[in-house]
Every structure is written in C-alpha cells, then in structure tokens.
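These notes are about the structure you will find just below.
What follows is calculated from the coordinates using simple rules that are stated; it is not laboratory data. Keep in mind that what you see is a predicted model, and the values were worked out from it rather than measured. All Cβ positions, glycine included, derive from the backbone under ideal geometry; neighbour counts span all protein chains shown.
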Amino acid sequence: MKNREDYTEANRTMWNETAAVHQTTYVDDLLKRIKAPDYCTFDTVEQRLFEQIGLSGKAVVQPSCNNSRELIAVKKAGAARCLGLDISDAFITQGKQLAQAAEVDIELVRANLYDIKHEYDNQFDLAYVTVGALGWLPDLPSYMTLLSRMLKPHGKLFIYEMHPAMIMFETESGSTVVNDYFQRTAYREENDADYMNPDAKIESPSYWFQHTLGDILGQCIDHGLNINHFEEYRHDISNVGAHLEQSEHCPPLCFSLIAQKN
Ligand SMILES: C[S@@+](CC[C@H](N)C(=O)[O-])C[C@H]1O[C@@H](n2cnc3c(N)ncnc32)[C@H](O)[C@@H]1O
C-alpha cells in the first residue's frame, strides 16, 4: 500500500514521460499558433461561464496547469496575475516555452500541491480546475483546503471536469459497466495509451483516484465554498469518452461547478 507521497511521486514520473510525447504530438505546432492574440482554449461552456465570472483584471491560479496552454488563454482573455502549479518538471518547462512564445507574463511553478504551505494564501480571485486534474489527487480534502486557502474572501472556484460516473464504463467502446462508482482504492495503469496520442505508450505506472460527485460537492460545503452553479453535460471533454456520447444510454460525461468562498 503506497502513501500519498509515493502515489504523487509515481505520477510525477509518468507525467514527465508524457510531456515528451506531447511535445511532438502537438506542442511543436502549438508553439507557432499560440502567438495569436485571439488564441483560446475555451469551449462554449467555458466561454459562457467565464463571461458570468468575469476574467478581466482577476488574479487566477490553476492547480495542475500541465503545460499552461489553458492558463495562457486565461491571461489572453484579460486576467491579471496568473499562477500555474504542476508537479511535472517537464510540463512546467514546456509551459515556460509556450508562455514565451505567446509573449505573456505568467508565473509557472513546479510543485506537488500537497507540499504547498501558506505562501499563496488569500491571493486569488479565481481557482480554475480543468479536465483531468482531480483524478490524480489521492487526497481530496487536503486539496480543497489548499484551494480555499489560496482564494481571497469571495473568491471563486471554477471546476470543469470529467464526470466521475465515467469511471464505470469501458474506455474502448460501448457503454458496458465495468467499474465500481464508489471504488476507494487507486486505479493503477501501466503501458497505457497516451490520451493525446493513442499510438504512443506511456510505460511508467500511474495512479488514478475516484472522487464521487458527493465527495466533490461535500468538500466544497465542508470548506465554506458556496455552490452557486452546477451543471452536468453529455459531451466528452476528456479525449477518452467520445464513444459514450453516441451510446444508447449516454451517461453524464462532464460537469461544471462554481463555488464562492465566504
Ligand atoms: C491531465 S493534466 C490536466 C491539466 C489540463 N486540464 C490539461 O489538459 O492540460 C493533469 C496534470 O496534473 C498534474 N498533477 C498530478 N498530480 C499533481 C500534484 N500532486 N501536484 C501538482 N500537479 C499534479 C500532472 O503533472 C498533469 O500535468
């Protein structure tokens, strides 16, 4: 049985391996495109919700920012201070390349979220959590403590994530139920196809954790984050669930949540 540090360290190794695959899969090309003033990663759900939240002049933190392509879009959409945090050395290096190519001033820091103490407390108007962030985190309560601490009073948490019901379904095709929605032990993957380039295999083992909707909503409530928006959708934002959109009984595939600190 691994502890939290073992899990996150194993995941760090896997993400460093993944970064090299992504560099040739799409980042070399993105380095050319990201200069455009209208570069944007938001889909229609994010467009609508960012209009509601308002990005102009806001201080934004993105935990698990990966190579910061989404944070660069947030900056280009008018945010002021932007901080991206990620455990992967290689993705932070890639993010700095992209930020330089985009000619934007954002802060990118390599950090295991669980090692962050009080250095960012009460500094952000918005915490932006995007697809594929929550499942790599073995300890949701400590993560929510960090997020609520980093927000200023009345600051907002915006999550746009894969729906936890997705874990139940086979990933290749069809909508056969193969996993327990309430599984509490880690899912271990090894030699898995990369989610951006299915032809590439990622050899390093990694660990994924199921957080149910009840866990996520409950943690917001427990941390004084008042939920003022929640919606579920039948479109896939993950690159691994598109086949479920077409299935006879489409499960919820993603959700958006906005919660405000007291
Ligand atoms: C699928 S990406 C999600 C980011 C973004 N939505 C994207 O599509 O690029 C997950 C990220 O979480 C990061 N991560 C995983 N565990 C972490 C931890 N304990 N602390 C900080 N970052 C972590 C990984 O390095 C990876 O870049």
Check your understanding: What does the charge add up to near LEU225, with Lys and Arg as +1, Asp and Glu as -1, over the other residues with Cβ less than 12 Å from its Cβ?
Key -> +2
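Using a 10 Å cut-off on Cβ atoms, rank the peptides 238-251, 206-219 from the highest mean neighbour count down.
On the way: 238-251: 14.4, 206-219: 17.7.
The peptides rank, most packed first, as 206-219, 238-251.
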Point to revise | segment 1-129: Cα Rg divided by the 2.2 N^0.38 Å rule of thumb | key: 1.08
Point to revise | Prolate/oblate/rounded call for segment 4-261, Cα gyration tensor, a/c under 1.5 rounded | key: rounded
Study note, to complete from the structure: Using alpha-carbon positions, the gyration tensor of segment 137-214 gives root eigenvalues a ≥ b ≥ c; with a/c under 1.5 called rounded, otherwise prolate if a/b exceeds b/c, else oblate, the class is prolate
Check your understanding: Hey, can you rank 44-54, 68-78, 162-172 by average C-beta count inside 10 Å, highest first?
Key -> 68-78, 162-172, 44-54
